Structure formats: C-alpha cells, structure tokens
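The values are calculated or read from the model by the stated rules, or taken from the named source; none is laboratory data. Quick caveat, the model's predicted, so the values are computed rather than measured. Note that we place each Cβ from the backbone using ideal geometry, even for glycine, and neighbour counts take in every protein chain shown. The protein model used for the area step is the full one, side chains on, heavy atoms only, and it has no ligands, DNA or RNA in it. Shrake-Rupley method; radii C 1.70, N 1.55, O 1.52, S 1.80 Å.
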Amino acid sequence: MGIEVHLFMNMMNGLVWGLIIALIALGLVLIFGLIKILNISHGEFYMLGAIFGWYLIQYTQNFWLALVLSPLLVAAIGLFIEWGILRPTEDKPIKTLIVTLGISLILQYTVYWFYGGSPQRIVEPFQYHLTLFGSGYSGYRIFVAILSMAVIALLGLFLQKTRIGLWIRAVKQDQEMAIAVGIPTKKVIMITFALGSFLAALGGILAAPIFSVDFLMGLEILPTAFMVVIIGGPGNLMGALGASILIAELEGISSVFVSPTISRVLSLVLMSIVLLKRPEGIFSRARR
Amino acid sequence: MDSILNLQEIHTFYGKSHILHGITLAVHENEIVCLLGRNGVGKTTTLKSIMGLTPANRGNIFFQGRDITRIQDYLIPRLGIGYVPQGRHIFPDLTVRENLKIGIVGNKVQVKTYEEIFSYFPILRERLNQLGGTLSGGEQQMLALARALVPNPTLILLDEPTEGLMPRMAKLVVEIIQKINRTGVSILWVEQKLVTVTEVSHRIHLISKGRVEYQGTPGELIQNREIQLRYIGVKV
Amino acid sequence: MEKKKKRISRRRFLKAMGTGAALLSAEPFVRPLGGFWAQERSPIIIGHQCDYTGFLAGWGYWMDMAAKYAIKLINDAGGIAGRKVEYVMEDTASDPATGTRKLRSLIQRLNADFVIGCIHAGPATGSLPVAKELKTVYFMQSSSDEVITKFGSRYTFMGGGVELSKINYGVPWAVKNLGKKFTFCAYDMAWGYTHVNGSTPIIEKMGGKVLDKIFIPLGTKDFYPYLGKIPPETEVLYGVFSGPPALGFLTQTYEIGLHKKMKRYVDVGVMEGFNTEKIGGVAEDCWYMTFFPRRLKFKDTEHVRNLRKALNVDEEGVEIGGPQVLCGSRYWAAYENVFWIKRAIEKSGWKSKKDNAAFIEALEGMCVKEGLEFIQGDKCMRAKDHFILHDLWMGHIENNKMEEKTKFSFKEEPFPPAVDYTKEKV
Ligand SMILES: Nc1ncnc2c1ncn2[C@@H]1O[C@H](COP(=O)(O)OP(=O)(O)OP(=O)(O)O)[C@@H](O)[C@H]1O
Ligand SMILES: [Mg+2]
C-alpha cells in the first residue's frame with residue numbers, strides 16, 4: 001500500500017474513531033458542565049450500550065432495534081443513577097469521585113456476573129466493503145461516521161433550538177440564577193445525565209461491531225475520553241468534538257510515519273502542553 | 001392596603017452560621033419598599049430566602065396570601081416574582097434574546113412583548129443577538145431588569161440595582177424602576193445608600209445583623225439622624 | 001452464587017480485621033503451643049495469586065476452580081503425607097502492583113507454604129523477587145518465559161506452559177506449511193517481544209523472511225492505522241494479542257480482507273476466552289498454537305472429563321447455564337501445579353518451609369507421566385531453567401470451530417536453557 005493510500009485510510013479512520021469518542025466525550029462534557037463532577041462511571045454507559053445491544057441482538061436478531069433500544073435503556077439507568085445515587089452528593093466533588101467509582105465497579109461486576117469475562121462480537125448489520133485505492137474499507141465504518149455526525153448535529157440543534165436545550169445551557173452557566181428564573185434545574189440535570197448516558201451508549205453499540213464487547217470496555221475508553229475533555233476544555237462542547245477528532249487524527253496520521261507507541265505518546269504530549277499552556281482547553285476563547 | 005409579600009420571623013442559616021435572626025417585613029400592593037443596611041447584614045440573604053435559594057429554616061413567607069416558604073425553589077418565580085440579583089447574573093453565553101426568553105416558563109404567565117420591553121430599554125433592541133457577557137455593565141443591568149420583567153411579575157426583588165454604575169446610568173435605572181412601579185408592579189429594593197432611594201421609596205426598613213431594627217417613611221428616616229448613624233453610617 | 005458470596009465476605013472480613021485476623025488464624029498459636037505434634041497435623045496451605053477480577057477475570061475464574069478441584073481430590077484421598085491441604089486465594093485485580101502486594105499477603109498474612117501464581121505477566125514480574133525474599137516456592141503460571149529467566153530464582157518454577165515452546169514447535173511448522181514471508185503484529189510488551197525475538201531467527205534460519213515487525217501499544221482498540229502498514233506481499237501475518245483487543249484484531253483484519261491475501265497465524269491468546277462460533281466468522285482459517293485444546297474431543301480422557309465436569313463446562317468448553325468460556329489452553333495448569341507440589345513433598349519429605357531446599361531439589365528435573373494428576377500429558381520440570389516442558393497443539397479455525405490438527409509431543413531439549421538456577425543456594 002502506497003503511503004498516500006495509507007495516509008488517506010488513516011485519516012478516514014481517525015474521523016470514524018474520533019466521532020465515536022466524541023459521542024462519549026460529549027456526554028461527559030455535558031454532565032461536567034452542569035454539575036462539575038468527574039463522572040468516573042461514564043465509561044460504563046458506553047459499555048452498557050454495547051452489552052444491552054448484544055443481548056437485544058441475541059433475542060431479536062435485529063441490530064437496528066438494538067441500536068435504538070439499548071441507548072434508551074441506558075438513558076433510563078443514567079436517569080435513575082443521577083436521581084437516586086448522585087444527587088445527594090452532587091455538591092461534594094470528592095464524594096462524587098468515590099461514588100462514581102463505586103457505581104463503575106458495581107456496573108462492571110454486575111455485567112461480569114451475567115455476561116461473563118469473555119469478549120463477544122456484534123456482527124455488523126450489513127457487510128458492505130468498499131474498495132478504496134485497492135484496499136478494503138468497511139462500509140459499516142462509514143455508516144458509523146455518518147450516523148455519529150448526524151447525532152452530533154442533532155445534539156447541537158437540540159441545545160440551540162429547543163427550550164430544554166436553552167435550559168441546559170442556562171443551568172450550565174449559572175445554576176442559581178436558572179432557578180430564580182423558574183427553570184426546574186434538578187430535572188434539567190437529570191435529563192442531561194440521561195442524555196449523556198444515551199450518547200455514550202450509542203457510541204458503545206456503534207463501536208461494538210468494530211471492536212468487541214466486554215465488561216471492561218468502559219474502563220479502557222475512559223482515559224481517552226478524559227484526555228479529550230482536558231484538551232477540548234472542561235465543559236466546552238465544541239472543544240470536545242474538535243479534540244476527539246484531533247486526537248484520533250493525530251494518532252492515525254502520525255502512525256503512518258512513526259511507531260504506534262510513539263504516536264500514542266504524541267497525544268499525551270499534546271495533552272501536557274495543553275494543560276500547561278491553555279488549561280482552559282486548546283479551543284478556549286480569549287474572553288474567559 | 002393589601003400586603004402582597006409578607007415575611008414573618010424568618011431565620012436562615014448558611015450551614016451552621018445563623019444569618020437571618022427573625023426578619024419580619026411586608027410589601028403592599030404598588031409599593032416600593034426599601035431594605036437598607038451595611039455590608040454583610042443579610043440583605044441579599046433575605047431576598048434569596050424569598051426566592052427559595054437559601055430556604056428559611058424557620059418563619060413563614062406569604063406571597064399574595066399564599067404560604068410559599070416550603071414550595072419548590074423553581075416554582076417561586078413562576079408565581080409572579082421577578083428577581084434582579086446583586087451583580088446582575090446575566091447568562092453570559094446566551095444571547096440577549098435568549099436571556100429575555102428564558103424567564104418564560106409555565107403556560108400560565110401572560111408575557112410581555114418585546115415591544116413593551118423595548119419601551120423601557122430601547123438599547124436592548126440593538127443588542128438582541130449579542131451575547132449577554134459582551135454587554136457593558138449598564139446594559140447588563142438593563143437586561144437583568146428586563147429579564148425579570150418579561151414574565152409579567154407582580155413583584156420584583158431588586159438587589160442593589162445601581163451598584164457600580166456611573167451616576168447618569170444609575171439615575172436612568174432608578175427612573176425605569178419607578179416607571180415599572182407605576183404600571184402596578186410592587187418592588188422590594190435592597191440598597192446600601194440611603195440617598196439612592198429617599199426620593200423613590202414609600203417605606204424603608206433598616207436591617208442590622210439579620211434583624212429589621214427600624215421602619216418608617218423616607219421623610220421620617222431623614223429626620224432621625226441617630227438611627228441613621230447607628231444603622232447605615234454617617235454618610236447620608 | 002452462594003459460594004462466591006461466602007468467600008468474598010470472608011475475605012472482606014479478614015481484610016477488615018487486618019493484622020488482627022492474622023493473629024486469630026490458628027497457625028501462629030498452634031505451632032508454638034502444640035510443638036512438634038501440631039506441626040505434623042497442621043494443614044499445608046497452598047496460596048493462589050489469582051486474576052479473579054479485572055481484564056483477566058475470564059481466566060482467573062477457571063484457574064481458581066481448577067486449583068480448588070485438585071485440592072478437593074487430594075483431601076478426599078487423605079491429603080498430602082497425611083496432612084490436609086488448605087486453599088487460600090487473593091485477587092490480583094489483573095493489576096501488577098496489586099498482584100505483587102497480594103503475594104506478600106498470601107505468604108505473610110495467610111501463611112501460604114506454596115504459591116501458585118497468576119497468568120498476568122505483570123504481577124508475575126514483581127512477584128518473582130518477592131517469592132525469593134520470602135523464601136517461598138512460587139509456581140509461575142504466566143507463560144512469559146523471559147520473565148522467569150530475568151527475574152526468577154531457585155524458588156520460582158514455570159508451571160503453566162512456556163511461550164518459547166510454542167515458538168520452537170509452531171514456527172517451523174508455519175514456515176513449512178503456511179509461507180515464508182512473515183509480518184508480526186504484536187503487543188508492545190514483553191509477551192509480544194518474546195514471540196518476535198524468538199521466532200525471527202527460526203524463520204530466517206529456515207530461509208524465510210521477516211518483512212515487518214509492528215508493535216501496537218497496549219489498550220489499542222482500533223487496529224486500522226497499523227494494519228495499513230502490513231506489506232502486501234506478506235504470506236503469514238503473525239498476531240500476538242489477548243483478550244478483547246484480540247477479537248478486534250481478528251475482526252479488523254477480516255474486515256479489510258487480509259484473511260484472503262495471507263495466512264493469519266496467531267498465538268492462542270488471540271483465540272482464548274471467546275466462543276469462536278459466535279463472532280460472525282472473523283476467525284475463519286486462522287492458525288493458532290496452543291498448550292491444550294479447549295474442545296474435549298481433542299483430548300478426551302477420563303481425567304480431563306472429570307476436571308471439566310468440576311468446572312461445569314460442556315464439550316465445547318462453554319459454561320453450562322452460564323456465560324463464561326473456558327480458557328482451554330491454560331486451565332489444566334492450575335490443577336496440575338497442585339500436584340507438582342504434592343509430588344515434590346512426597347519425594348522430599350517436606351514438613352515445613354525449613355525443608356524448601358529438599359523440595360526444590362526434588363522438583364528440579366522431575367518428570368511425570370500423564371494420569372489423574374497430570375491430565376495435559378507427560379512432562380518434565382527442566383532442572384536448570386525451571387521450565388516446564390510439555391506437549392503442544394496446532395489448531396485451525398474451520399467452520400468457526402477450533403480444530404486441533406497437529407499434536408507436538410514434547411522433546412527433552414527443544415531449546416537450550418538460558419539460565420541455570422541449580423547453582424543458586426536456597
Ligand atoms: N454562601 C455563604 N456561606 C456562608 N456565609 C455566607 C454565604 N453568603 C453570605 N454569607 C454570610 O452571610 C452574611 C450576610 O450576607 P449577605 O450577602 O446577605 O449580606 P448583604 O447584606 O447582602 O451584604 P452586601 O451589602 O455586601 O451585599 C455575611 O456575613 C456573609 O458573610
Ligand atoms: Mg448583598
């Protein structure tokens with residue numbers, strides 16, 4: 001394979017992978033923006049999305065149904081977790097750290113108990129392979145990219161154009177004032193948490209046919225998601241989207257020229273530079 | 001005259017520190033009532049207690065005869081109470097239009113049209129699509145007032161609305177407040193400087209260490225230099 | 001469920017009691033008070049440093065059960081030299097630091113006389129020096145032979161299969177039968193380097209060629225960026241991965257059609273832990289080298305059947321009524337290691353750790369025959385480097401099933417030892 005082809009393939013891939021990470025990171029950022037907690041259990045929603053997807057497909061043989069149902073189920077769980085477990089500790093950061101870590105472990109080992117330690121596969125809903133410059137490329141990946149972009153665009157529209165979107169943004173900026181203008185802040189937080197869980201779960205089931213499904217997949221994705229949040233700026237949605245694609249592309253493109261391990265190190269270096277020079281995130285505006 | 005707002009023996013705490021030690025006051029219909037006191041005596045806390053942001057631990061708050069002490073915080077503004085907080089608290093990343101729209105919640109409220117709003121605050125017309133955080137201090141104060149006014153409240157709580165404004169701008173704000181009051185909106189106005197409100201308020205309460213220590217008309221208070229000295233300092 | 005709960009709560013309890021618990025456990029009291037008599041009767045404690053949770057949980061689950069079953073068999077038959085055997089387990093959480101700490105706990109707090117180690121090479125690396133420091137015989141179940149040659153001592157034995165054996169038996173076969181132009185795709189870790197460094201000279205000596213060596217960082221999920229580097233003229237793609245990423249590797253090489261252009265030859269770690277029939281055919285036509293077949297039909301003996309029955313798996317190696325898939329290449333080791341201990345105690349007359357020297361000498365060079373105690377086959381514990389020498393199998397995925405095609409009976413000297421521990425003083 002020529003270097004241009006390899007480069008092009010890796011850029012395509014960076015986009016697909018970056019968009020999946022964006023789905024996860026956007027949820028994390030949304031939640032962080034609202035309640036300023038580092039949600040360690042966020043990766044588990046990604047995992048649950050894939051796990052529920054796997055079970056639903058076992059029983060219904062229908063990927064598309066699972067693609068819709070699984071994130072909804074996970075959103076319901078997210079709703080419950082925020083309302084029942086997190087809310088009492090939301091104003092105490094250290095406590096939330098411990099509580100979300102606990103939730104994370106409970107979810108992992110509950111899944112382990114039912115699902116086992118073996119990884120499983122979800123088969124792609126369609127087996128279409130494109131030929132790009134003489135090399136195979138999975139049509140499913142392109143589908144994932146398009147769907148993720150559509151979902152992210154919808155999320156943007158939702159936040160900009162709907163009343164709940166306006167409320168979410170208001171609560172993020174000034175929670176006390178939001179109450180004082182009559183916004184049901186607690187419900188908004190709950191909905192946002194569910195929305196974040198939904199997005200992560202969607203990422204999980206979309207990624208499942210590409211990778212595999214196992215009870216620790218959430219743990220593996222979390223560092224990347226946090227890296228994205230740091231590089232993009234905590235609470236900055238556009239930043240998260242940009243950083244997701246940036247990191248994935250950085251690794252993809254650099255791995256054409258240097259060894260994979262070095263390209264992984266590069267993204268860590270990028271994160272360190274951002275932390276030192278622009279702690280508000282690489283895309284932060286000068287105003288703040 | 002009917003009282004629209006009635007605070008009876010309000011006690012409020014921040015954690016363990018006891019801030020309000022039994023505030024009692026009333027605002028009657030169409031009145032501008034002023035709450036005056038030095039730094040840190042609990043003026044803001046009184047307003048926050050009414051809004052349910054720092055709920056009163058003891059005592060009762062009545063609005064239009066209804067006990068609102070224990071109802072959910074976000075429902076209080078929906079009853080028709082507007083809040084203009086100290087420091088304005090504009091949503092900085094929302095546009096002016098969104099800042100105005102945000103107060104429209106619930107379907108019971110009869111909202112004011114933008115045209116009505118612009119009749120008070122013409123400057124906002126030009127700023128509609130600008131982000132709240134990019135407005136000047138005076139403009140932000142206008143926006144904070146406008147935001148409280150949009151849902152058509154019967155009572156507005158003002159927390160030092162002229163703080164940090166140039167004298168000309170401060171004067172303009174006071175005029176607008178009076179104009180709003182004349183349309184039948186009652187006002188509870190928290191202030192540090194007596195001079196700002198002597199002309200406009202109907203009654204004045206002096207607060208010290210979480211307690212209302214004096215009340216009377218501006219005329220009475222101006223006469224009483226001893227009380228002035230004791231509760232708001234020498235400068236009149 | 002009941003059983004598991006009980007054990008966990010017991011361990012929790014012990015933990016909570018901290019040192020108090022160590023005092024309460026019978027050993028320290030009985031020994032000084034009961035003197036020599038009690039010493040004879042006190043149980044022999046076998047510790048298991050097990051990857052019970054974390055990413056190797058799907059392995060630890062079986063290793064724990066297999067060791068327990070061996071101990072049950074021994075106790076039912078009267079124990080070892082008249083003494084009961086007690087089993088204590090600590091969880092590494094599949095984490096190097098935790099695992100090493102747990103080894104200390106097994107030895108110092110739970111008074112383990114011998115320890116069977118974990119599969120994860122990380123904790124094993126940290127554990128080997130600890131075993132030496134605490135003068136406790138440790139059966140390493142990680143197959144990374146470099147770990148034991150670098151960090152081992154006279155106290156440490158390889159009890160769970162040796163990577164170098166896979167390489168020395170499997171690679172020549174692959175060069176002969178699959179192709180001469182190799183590209184490696186391996187984890188950027190000790191295990192990956194063992195395969196790459198061990199195989200390259202063999203390939204080259206046989207007239208083959210290594211086209212590229214692609215090392216992939218741990219934790220990689222998306223292999224696409226790396227798969228693009230594989231030279232198209234490659235004939236054999238040699239993969240070294242384990243766990244969920246391994247499944248990702250199979251899926252993605254299949255997705256871009258590499259399976260049609262070259263032979264995929266992998267370490268069994270790639271196949272381990274998942275059901276090949278439920279992955280949509282992405283492993284089809286893969287060749288793999290393994291320590292032991294997962295499916296019963298390739299080693300159907302009475303003793304293998306009994307162990308598998310105790311583990312509650314069907315003939316395919318899938319848990320009956322449960323979700324787990326048997327780690328077919330490994331589970332026998334946890335069982336057999338208990339019997340290595342038994343054999344060496346019986347041969348040396350070991351009574352307490354004071355007799356460790358005799359125990360070690362008895363074990364060094366010991367050869368055993370297949371039977372109830374050694375179900376995997378005949379094997380030897382080579383004296384010098386403490387490597388276990390054993391049979392291996394070459395498997396092939398056909399119609400989504402693991403089919404073991406060739407068995408390699410072990411030779412006494414498949415490759416020379418790199419170290420000589422027999423010279424070390426105990
Ligand atoms: N969040 C808080 N936690 C603890 N104490 C607080 C908090 N907010 C205010 N206080 C304390 O409560 C007291 C009353 O504060 P408040 O803001 O009501 O005063 P104020 O009369 O509005 O003062 P100012 O004129 O400076 O605005 C002060 O002593 C202040 O330190
Ligand atoms: Mg104040």
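Couple of notes before you dig in:
- Computed from the Cβ-Cβ distance with R0 of 35 Å, the FRET efficiency linking A:TRP83 to B:ASP67 stands at 0.80.
- Rule-of-thumb Rg ratio for the range C:219-303 [Cα; 2.2 N^0.38 Å; N residues]: 1.16
- All Cα-Cα distances of the range A:24-76, cut into 10 Å bins from zero to the largest, leave 26, 43, 23, 8 percent in each bin in turn.
- Placing +1 on the Cβ of every Lys and Arg and -1 on the Cβ of every Asp and Glu, with no other charges, gives the range C:264-405 a dipole of roughly 580 debye about its Cα centre.
- Calculated mean residue ellipticity, 222 nm, chain A: -25000 deg cm²/dmol, from DSSP H runs (n ≥ 4) at -39500 (n - 2.57) each, averaged per residue and rounded to 500.
- For chain C, the cysteines with no partner cysteine C-beta closer than 4.7 Å are C:CYS50, C:CYS118, C:CYS185, C:CYS286, C:CYS327.
- For the range C:255-366, the equivalent ellipsoid built from the Cα gyration tensor has semi-axes of 37, 18, 11 Å, listed from largest to smallest.
- Taking all Cα pairs closer than 8 Å and separated by 6 or more residues, the relative contact order of the range C:301-389 comes to 19 percent.
- Degrees, to the nearest 10: C:121-133 long Cα axis against longest axis of chain C: 30
- Calculated FRET efficiency for the pair B:ASN129/A:LEU157, C-beta based, R₀ 22 Å, to 0.05: 0.75
- Of all DSSP beta bridges in the protein assembly as shown, antiparallel share, percent nearest 5: 45
- With only the Cα atoms considered, the range A:57-127 has a convex hull volume of 120 Å³ per residue.
- Two-decimal log10 I(q)/I(0) for the range C:125-208, as the Debye equation yields it once each C-alpha is a single scatterer, q = 0.11, 0.13, 0.18 Å⁻¹: -0.37, -0.49, -0.77
- Estimated distance in nm for a label pair at A:LEU65 and C:ALA81, the labels positioned 7 Å out from Cα along Cα-to-Cβ: 6.4
- Ratio of the Cα radius of gyration of chain B to 2.2 N^0.38 Å, where N counts its residues: 0.98
- Under the combined filter of DSSP loop state and at most 16 neighbouring Cβ atoms within 10 Å, the range B:1-76 retains these GluC sites (Glu not before Pro): B:GLU29.
- Taking the convex hull of Cα positions in the range A:1-101, its mean projected area over all directions (nm²): 8.9
- Per-peptide average of other Cβ atoms within 10 Å, ordering C:274-286, C:258-270, A:206-218 highest first: A:206-218, C:258-270, C:274-286
- Cα-based Kirkwood hydrodynamic radius, the range C:57-200, one decimal, Å: 16.7
- Membrane-span-like helices in chain B (whole DSSP H runs, Cα extent of at least 20 Å along the helix axis, mean Kyte-Doolittle hydropathy of at least -0.5): B:167-182.
- Selected from A:VAL99, A:VAL16, A:VAL229 as most flexible by GNM, with chain A as the system and alpha-carbon contacts under 10 Å: A:VAL99
- Based on alpha-carbon atoms, the Kirkwood radius and the radius of gyration of the range A:122-218 give Rg/Rh equal to 1.16.
- Additional length obtainable on full extension of the chain from A:VAL258 to A:GLN58, 0.36 nm per residue less Cα span: 67.9 nm
- Within the range C:392-425, GluC sites (Glu not before Pro) in DSSP loop having at most 16 other beta-carbon neighbours inside 10 Å: C:GLU412, C:GLU424
- Volume of the Cα convex hull of the range C:343-413, divided per residue and given in Å³: 120
- Dividing the helix sum by the residues of chain C, where each DSSP H run of 4 or more adds -39500 (n - 2.57), gives a mean residue ellipticity at 222 nm of -12500 deg cm²/dmol.
- Chain A: most fluctuating residue of A:LYS187, A:LYS161, A:LYS172 per GNM, C-alpha cutoff 10 Å: A:LYS161
- Tail fraction, Cα-Cα pairs, the range A:129-183, threshold 12 Å, whole percent: 72
- Cα convex hull of the range A:36-170 - mean projected area over all directions, nm²: 11.1
- Share of Cα-Cα pairs in chain A lying beyond 37 Å, as whole percent: 13
- Cα gyration tensor shape for the range A:186-252, rounded if a/c is under 1.5, else prolate or oblate: oblate
- Taking the inverse of the mean reciprocal distance over all distinct Cα pairs, the Kirkwood hydrodynamic radius of chain C comes to 22.1 Å.
- Using alpha carbons only, the radius of gyration of the range C:142-294 set against its Kirkwood radius gives Rg/Rh = 0.95.
- Euclidean distance between Cα centres, the range B:105-169 to the range C:43-99, Å: 72
- Accessible surface of the protein assembly as shown [probe 1.4 Å, protein heavy atoms]: carbon and sulfur percent: 60
- Inter-label distance, A:ILE146 to C:TRP173: 4.6 nm, where each label sits 7 Å from its Cα along the C-beta direction.
- Span from the the range C:108-151 Cα centroid across to the the range A:232-288 one, whole angstrom: 40
- Remark on the range C:374-426: Rg and Dmax equal 15.5, 53 Å (Cα only).
- Förster radius 56 Å - calculated FRET efficiency between C:LYS423 and C:LYS278 (Cβ-Cβ, nearest 0.05): 0.65
- Cα gyration tensor shape of the range B:6-103, rounded if a/c is under 1.5, else prolate or oblate by comparing a/b with b/c: prolate
- Each label point was placed 7 Å from the Cα along the Cα-to-Cβ direction; for C:LYS411 and B:ILE227 their separation is 11.0 nm.
- Inter-chain neighbour count for A:120-132: the average number of beta-carbon atoms from partner chains within 10 Å of each residue's beta-carbon is 3.
- The loop-placed trypsin sites (Lys or Arg not before Pro) in the range B:98-162, going by DSSP, that have at most 14 neighbouring Cβ atoms within 10 Å of their Cβ come out as B:LYS108.
- For residues of C:241-248, the mean tally of beta carbons on other chains within 10 Å: 5
- Acute angle (nearest 10 degrees) that the helix C:163-177 long axis makes with the longest principal axis of chain C, alpha-carbon atoms: 20
- CD proxy at 222 nm, helix term only [per DSSP H run n ≥ 4: -39500 (n - 2.57); per residue of chain B; nearest 500]: -9000 deg cm²/dmol
- Pairs of Cα atoms farther than 52 Å apart, the protein assembly as shown, %: 36
- For chain A, the Cβ-based charge dipole about the Cα centre amounts to some 800 debye (Lys, Arg positive; Asp, Glu negative; other atoms uncharged).
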